[in-house]
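> To start, I am sharing the structure in question, which I have written as structure tokens.
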Amino acid sequence: MADGIKVVAENRKARHDYHIEETFEAGMVLTGTEVKSLRQGRANLRDAYAAIENGEIFVYNMHISPYTHGNMFNHEPKRTRKLLMHKREIMRLLGQTQERGYTLVPLKVYFRRGLAKMELALAKGKKLYDKRETIARRDEKRRIDRILKERNH
């Protein structure tokens, strides 16, 4: 990977369910066993979401499997985890999520220079017809690409 980035988990369904407006990088406050489990690639972002409380940003429902070699001090898999961002970024996100109906969706978890990071998206939920339109557009593009490929060979 470029720039020493190792992607651990990705929320592929997020791009299907949401219109992604903007992305942000946030650090993560983790315990030792969580970091070790992440390094093994044992994380799931499927139902995860982020919210701002008291000027701090937290991620909920992110599942990090217990570390296989952990002892009785192993972590809780779905605990609420604090994210680290600049105060002005958090305040800007707070304004947009409260006023304009945006939500904060985790897109991926990765390591950059040995530190666990999360890519967060400022997103708006898609309606069912938007999802159908996206699928139809993708299928049409595939069909056109296939026809062009056959014609060129």
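The values are calculated or read from the model by the stated rules, or taken from the named source; none is laboratory data. As the structure is a prediction and not an experimental result, all values here were calculated from the model. Positions of Cβ are generated from backbone atoms using ideal geometry, with glycine treated the same way; all protein chains shown enter the neighbour counts.
> Taking segment 87-115 on its own, how many of its residues are under 24 Å from S37 (Cα atoms) and either of a type in the set (V, I, T) or in contact with an Asp or Glu (Cβ under 8 Å, 6 or more places away or on another chain) (or both)?
Adding up the residues that qualify gives 7.
> Further question: Condition first: under 14 Å from D47 (Cα atoms) and buried (at least 17 other Cβ atoms within 10 Å of the Cβ). Now tell me which residues in segment 91-108 satisfy that.
Passing the criteria: L104, V105, P106, L107, K108.
> Does Y102 satisfy being aromatic (F, W, Y), out of contact with any His (no Cβ under 9 Å at 6 or more places or on another chain) and more than 18 Å from G27 (Cα to Cα)?
So Y102 fits the description; yes.
> Given the conditions (1) surrounded by 19 or more Cβ atoms within 10 Å (Cβ to Cβ); (2) at pLDDT 80 or above, report the number of the one that H75 does not fulfil.
Here H75 clears every test but (2).
> Among the residues of segment 1-35, which ones are crowded, with 17+ Cβ neighbours inside 10 Å and not in a strand (DSSP E or B)?
Of everything in segment 1-35, those that are crowded, with 17+ Cβ neighbours inside 10 Å and not in a strand (DSSP E or B) turn out to be N11, A14, L30, T31, T33, E34, V35.
> With respect to R81, is the statement that it is in contact (Cβ under 8 Å) with a residue 24 or more places away in the chain and closer than 17 Å to E56 by Cβ true?
For R81, the condition - in contact (Cβ under 8 Å) with a residue 24 or more places away in the chain and closer than 17 Å to E56 by Cβ - is met.
> I've got another one for you. Can you confirm whether R46 is under 12 Å from the mean Cα position of the chain (by Cα) and either surrounded by fewer than 16 Cβ atoms within 10 Å (Cβ to Cβ) or more than 21 Å from A14 (Cα to Cα) (or both)?
Yes, satisfied.
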